Ligand SMILES: [Mn+2]
């Protein structure tokens with residue numbers, strides 16, 4: 001029941017305020033835009049509450065890095081956008097510390113008097129509509145209604161985790177917007193005022209291996225459908241295109257099997273910002289670029305509006321776009337393995353572990369009707385990292401599939417039904433491929 005969910009949020013907020021007085025609060029958050037946005041919301045709310053806190057970002061919690069969590073007696077622990085699937089892993093910490101977990105990943109069963117667990121999966125609500133920044137925003141509201149001005153941060157997380165079409169988000173946006181954020185239904189791109197071929201090449205949600213990351217190919221694409229890319233000596237921007245021209249582009253992209261929901265949708269424009277930082281899609285991709293290139297502190301500072309990092313974040317974003325472009329260019333046929341029921345991207349050494357999820361997501365935007373599994377080497381765990389994405393079949397639960405496979409071949413797994421991850425031991429990758437294909441085949445047979 002939705003009432004119970006909100007009541008719990010309020011109650012946990014009251015408890016948090018009480019127990020965190022004169023304590024050090026240690027915040028551990030995921031390093032992606034949803035985690036960074038959640039941390040930004042909680043940080044601002046804690047400053048307003050006059051609390052002491054520290055923030056650290058993790059790529060992922062796992063048995064290899066769990067000992068990096070150091071807490072002194074009496075410290076309060078807060079986990080954001082991670083933890084729900086790791087409660088057994090952090091059991092020793094929960095036994096010693098009041099622990100608040102604000103997360104939307106599928107939880108494991110675990111309860112303890114010290115644990116305050118905010119996760120939509122534990123309540124009778126549509127968990128798919130939530131991300132951690134939404135939960136963090138609701139939690140911040142329960143601490144103080146003034147925190148409704150943190151809505152902007154919430155949207156970075158929502159766009160990062162692709163929850164912008166959910167009802168929960170649109171209700172919150174409507175209720176707390178105050179006219180500062182304009183919603184525009186248009187091409188889902190990061191800017192309207194850049195040359196259109198650049199926009200096509202670098203809006204990686206509109207993904208096609210022969211256009212994305214390749215400006216020349218994007219120019220050719222536009223010419224082939226009869227669109228002038230220049231007006232005199234000037235490159236034309238998206239804003240200068242006629243409705244008819246935009247329709248031509250959309251139709252052609254759809255004919256190339258790009259998922260229509262990736263092409264047209266809502267963009268969120270922040271009023272009163274320099275153009276380059278005004279489209280939430282661009283802000284989010286900038287935060288994401290910082291995460292993927294291990295510049296997490298810059299991403300966090302940028303998220304909370306620290307102007308001193310603006311220049312470096314612009315550079316990081318350029319570097320990130322170049323890096324993805326190179327990966328797309330190098331990803332040859334031998335890296336892509338298509339089985340009956342799934343597609344595997346063998347990134348291994350070519351794709352860094354921080355990028356494999358991004359690349360898997362991009363390929364899942366192509367209408368292939370099969371889940372995608374990216375595999376790359378992870379230095380920290382010395383294992384293969386797997387990123388699974390499913391946009392095609394609502395009847396499968398990737399998280400459960402990965403959990404059941406690692407139970408057989410070793411490793412760890414967690415996540416969501418449509419986006420899940422795992423670490424698997426080196427040498428098990430081919431067994432993994434066969435097992436995934438077999439389980440999905442059985443699933444399709446049943447469906
Ligand atoms: Mn998330």
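Quick note: the coordinates plus some simple rules give every number you see, no bench work behind them. Owing to the predicted nature of the structure, the values given are computational and were not obtained by experimental measurement. Neighbour counts are summed over all protein chains in view; Cβ atoms, including those assigned to glycine, are modelled from backbone coordinates with ideal geometry.
Please work out how much length the chain gains when fully extended from residue 339 to residue 182, using 0.36 nm per residue of separation minus the C-alpha to C-alpha distance, in nm with one decimal.
Length gained between residue 339 and residue 182: 52.2 nm.
Which number do you get for Rg(Cα) / (2.2 N^0.38 Å) in the chain?
Scaled against compact globular proteins, the figure is 0.98.
Quick one: Cα convex hull volume of region 253-361, Å³ per residue?
For region 253-361, the hull spanned by Cα atoms encloses 133 Å³ per residue.
Counting only DSSP beta bridges with both residues in the chain, tell me the antiparallel percent, nearest 5.
The antiparallel fraction comes to roughly 55 percent.
Just how far, in whole angstrom, is region 274-337 from region 376-426 if you go by their alpha carbon centroids?
Distance between centres, Cα-based: 25 Å.
So, by mean Cβ neighbours within 10 angstrom, what's the order for 175-182, 230-237 with the highest one leading?
The most tightly packed comes first, giving 175-182, 230-237.
Once both labels are modelled 7 Å past Cα along the beta-carbon direction, what's the residue 250-residue 111 spacing in nm?
Spacing of the two 7 Å Cα→Cβ label points: 5.0 nm.
Take the chain, connect every pair of alpha-carbon atoms lying under 10 Å apart with a spring to form a Gaussian network, then pick out the residue of 72, 248, 382 with the largest mean-square fluctuation.
72
Say each of residue 121 and residue 228 gets a label point 7 Å from the Cα, pointing the same way as Cα to Cβ; how far apart are those two points in nm?
5.5
Would you mind telling me the antiparallel percentage of the DSSP bridges in region 333-446, rounded to 5?
80
Under 8 Å for C-alpha pairs, at least 6 residues apart: give me the relative contact order for region 34-115, rounded to a whole percent.
Here the relative contact order equals 27 percent.
Could you work out the relative contact order of region 333-446, using alpha carbon pairs under 8 angstrom and six or more residues apart, expressed as a whole percent?
Reported as a whole number, the value is 22 percent.
Tell me, what is the percent relative contact order of the chain, built from C-alpha pairs under 8 Å that lie six or more residues apart?
12
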